[in-house]
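Worksheet: the structure to be examined is printed underneath.
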Amino acid sequence: MAEHPAYPVGLRLTGRRVVVLGGGQVAQRRLPALIAAGADVRLVSPDATPSVEAMADAGEITWERRPYAEGDLADAWYALIATSDTEANTAASAEAERHRVWCVRSDDADRATAWTPATGHSEGVTVAVLTTDARHRDPRHTAAIRDAVVEGLRDGTLVAPHRRTRTPGVALVGGGPGDPDLITVRGRRLLAEADVVIADRLGPRDLLAELPPHVEVIDAAKIPYGRFMAQEAINNALIEHAKQGKAVVRLKGGDPFVFGRGMEEAQALAEAGIPCTVVPGISSSISVPGAAGIPVTHRGVAHEFTVVSGHVAPDDERSLVDWPSLAKLTGTLVILMGVDKIGRIAETLVAHGRSPETPVALVQEGTTAAQRRVDATLATVAETVVAREVRPPAVIVVGEVVGVGPHGTA
Ligand SMILES: C[S@@+](CC[C@H](N)C(=O)[O-])C[C@H]1O[C@@H](n2cnc3c(N)ncnc32)[C@H](O)[C@@H]1O
């Protein structure tokens, strides 16, 4: 069997019986793909890992709690033999051979009639990598090739630009908090396909340097017009470029819909009849505290977290935040755009009942090389911000969670 290469094929298993023998780690790893393929999976095993058991409880597979018995493979189209009992595995693969059922064996690939390739998926394509024959079997090698191909497809480096199926219109992409590794796979792929990128000041600016020279990068902060025209000017730029048939990415910091004006842009595009794809991003409101060792919730400490904008002071009539009510909450308060107003905010929280000793952390330029954390309390934060020269962008965390992790002040 080892002398000829394996013949690659895609099995269409929808509604077809697949028998899995053994409910251990191998089954746990293989079952999700069999379920996703729509197979009628019957597991035969005296025991199973909790994850496999959960699949049975959820009705995704049927589970017969007993050891393998002769005849189990009679009505199978495909079998996965993965028990810890070599004798049972040998008997089952002999039965599979008799019934002409293709079978994978986890304990002895040489004796199996089928091999599971290393697989990965990207936008409608399944990549499956097999070694040519048994002598060259090295699962790490096939997995590494799979990873390289899938990564190349995802970031657009593997497919020549003219072969790509481009997403029409504008993609509003949440770029995450700043570290270029913290954008989503989909966001990164759309960026690789873009002709025009309109980027904010915050977000993964380093990714812009990787774009090929033909890509037009527009700095949203530098779009002309007065302050109040800026958003309209950005909307117009998006619409104009999309109308020219270009693939446009609007790259935003964090998530487009968390204080990101993403919906205003989506609405403007809808009014102009331009298709819009929204790609969520990792919001700084959770990730920046996390990067500085602060969980926004912690068992026994905080059962809620509230994210608020601090861009207008509590006594400003334009404020939509009910600060007195927030002061009565005991959980975590995460304040974005609040560095300038933190003195007034802290005063208001204390005036309405929050303890002046409540810990506060300010995390500046989180997830970037310049990340910096400064700790204070509600009583001291106003003077600390000045003394330590904390500057935007910073996420401010108020609450006992500030003290739960290993931390230090920077
Ligand atoms: C206009 S809001 C946009 C928020 C963004 N859409 C998000 O989901 O993270 C900008 C504010 O987000 C916070 N912010 C964003 N990125 C940050 C980072 N890397 N470090 C600290 N704060 C950040 C700051 O409070 C900043 O003033």
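Return yes when Thr62 is more than 28 Å from Thr142 (Cα to Cα), among the polar types (S, T, N, Q) and at pLDDT 95 or above and no when it is not. Taking the combined requirement at face value, the residue satisfies it.
Restricted to the stretch 1-109, the set of strands (runs of 3 or more DSSP E) holding at least 2 residues that are within 27 Å of Thr132 (Cα to Cα) comprises 17-23, 78-81, 102-105. Here the stretch 1-49 is the region considered, the condition is being under 27 Å from the mean Cα position of the chain (by Cα) and in contact (Cβ under 8 Å) with a residue 60 or more places away in the chain, and the residue that is nearest to Ser84 (Cα to Cα) is Val26.
Residue-by-condition table, conditions (1) more than 21 Å from Met337 (Cα to Cα); (2) among the charged types (D, E, K, R); (3) at pLDDT 95 or above; (4) in contact with a helix residue (DSSP H, G or I) (Cβ under 9 Å, 6 or more places away or on another chain):
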{"residue": "Leu153", "(1), (2), (3), (4)": "yes, no, no, yes"}
{"residue": "Ala199", "(1), (2), (3), (4)": "no, no, no, yes"}
{"residue": "Glu210", "(1), (2), (3), (4)": "yes, yes, no, yes"}
{"residue": "Pro224", "(1), (2), (3), (4)": "yes, no, no, yes"}
{"residue": "Leu251", "(1), (2), (3), (4)": "no, no, yes, yes"}
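Screening Val307 on (1) out of contact with any Gly (no Cβ under 6 Å at 6 or more places or on another chain); (2) assigned by TED's automatic domain parsing to the domain that holds Lys328; (3) of a type in the set (A, V, I, L, M); (4) farther than 18 Å from Gly174 by Cα shows it passes everything except condition (4). Residues considered: Val385, Val397. Of these, the only one that is assigned to a helix (DSSP H, G or I) and within 16 Å of the ligand (Cβ to nearest atom) is Val385. Examine the stretch 252-263 for a residue that is over 22 Å from Pro392 (Cα atoms) and either surrounded by fewer than 18 Cβ atoms within 10 Å (Cβ to Cβ) or out of contact with any strand residue (DSSP E or B) (no Cβ under 6 Å at 6 or more places or on another chain) (or both), and state whether such a residue exists. The answer is yes, given that some residue of the stretch 252-263 is over 22 Å from Pro392 (Cα atoms) and either surrounded by fewer than 18 Cβ atoms within 10 Å (Cβ to Cβ) or out of contact with any strand residue (DSSP E or B) (no Cβ under 6 Å at 6 or more places or on another chain) (or both).
Scan the stretch 349-377 for residues that are surrounded by 18 or more Cβ atoms within 10 Å (Cβ to Cβ), farther than 20 Å from Pro392 by Cβ and without any contact (Cβ under 8 Å) to a residue 40 or more places away in the chain and the total you get is 0.
Specify the residue that is farthest from the ligand (Cβ to nearest atom); the eligible residues are those in the stretch 311-332 that are surrounded by fewer than 20 Cβ atoms within 10 Å (Cβ to Cβ) and among the β-branched types (Val, Ile, Thr). Applying the filter and picking the extreme gives Thr330. Can you name every residue in the stretch 278-299 that is free of Cβ contacts under 8 Å to residues at least 24 places away in the same chain and within 16 Å of the ligand (Cβ to nearest atom)? Gly290, the sole residue that qualifies. Pairs meeting the criteria (first residue in the stretch 185-210 and in contact (Cβ under 8 Å) with a residue 60 or more places away in the chain and within 27 Å of Asp147 (Cβ to Cβ), second residue within 15 Å of the ligand (Cβ to nearest atom) and among the β-branched types (Val, Ile, Thr), beta carbons under 6 Å, at least 6 apart or on different chains) are Arg186/Val279; Gly187/Val173; Gly187/Val279; Leu190/Val173.
Here Thr132 passes the criteria (1) farther than 19 Å from Ala37 by Cα; (2) without any contact (Cβ under 8 Å) to a residue 60 or more places away in the chain except the one numbered (2).
In the stretch 333-351, of all residues being out of contact with any strand residue (DSSP E or B) (no Cβ under 8 Å at 6 or more places or on another chain) and assigned to a loop (DSSP other than H, G, I, E, B), the one that is farthest from the ligand (Cβ to nearest atom) corresponds to Lys341. Of everything listed in (1) in contact (Cβ under 8 Å) with a residue 12 or more places away in the chain; (2) surrounded by 14 or more Cβ atoms within 10 Å (Cβ to Cβ), the single unmet condition for Pro139 is (2). Kindly check whether there is at least one residue in the stretch 270-277 that is at pLDDT 95 or above, within 16 Å of the ligand (Cβ to nearest atom) and surrounded by 17 or more Cβ atoms within 10 Å (Cβ to Cβ). No, the stretch 270-277 contains no residue that is at pLDDT 95 or above, within 16 Å of the ligand (Cβ to nearest atom) and surrounded by 17 or more Cβ atoms within 10 Å (Cβ to Cβ). Of all the numbered requirements in (1) crowded, with 22+ Cβ neighbours inside 10 Å; (2) assigned to a helix (DSSP H, G or I), Glu232 misses one, and that requirement is (1).
The values are calculated or read from the model by the stated rules, or taken from the named source; none is laboratory data. Please read these numbers as outputs of a predicted model, since none were measured by experiment. Because the Cβ atoms are built from the backbone with ideal geometry, glycine has one as well, and the counts that use them run over all protein chains shown.
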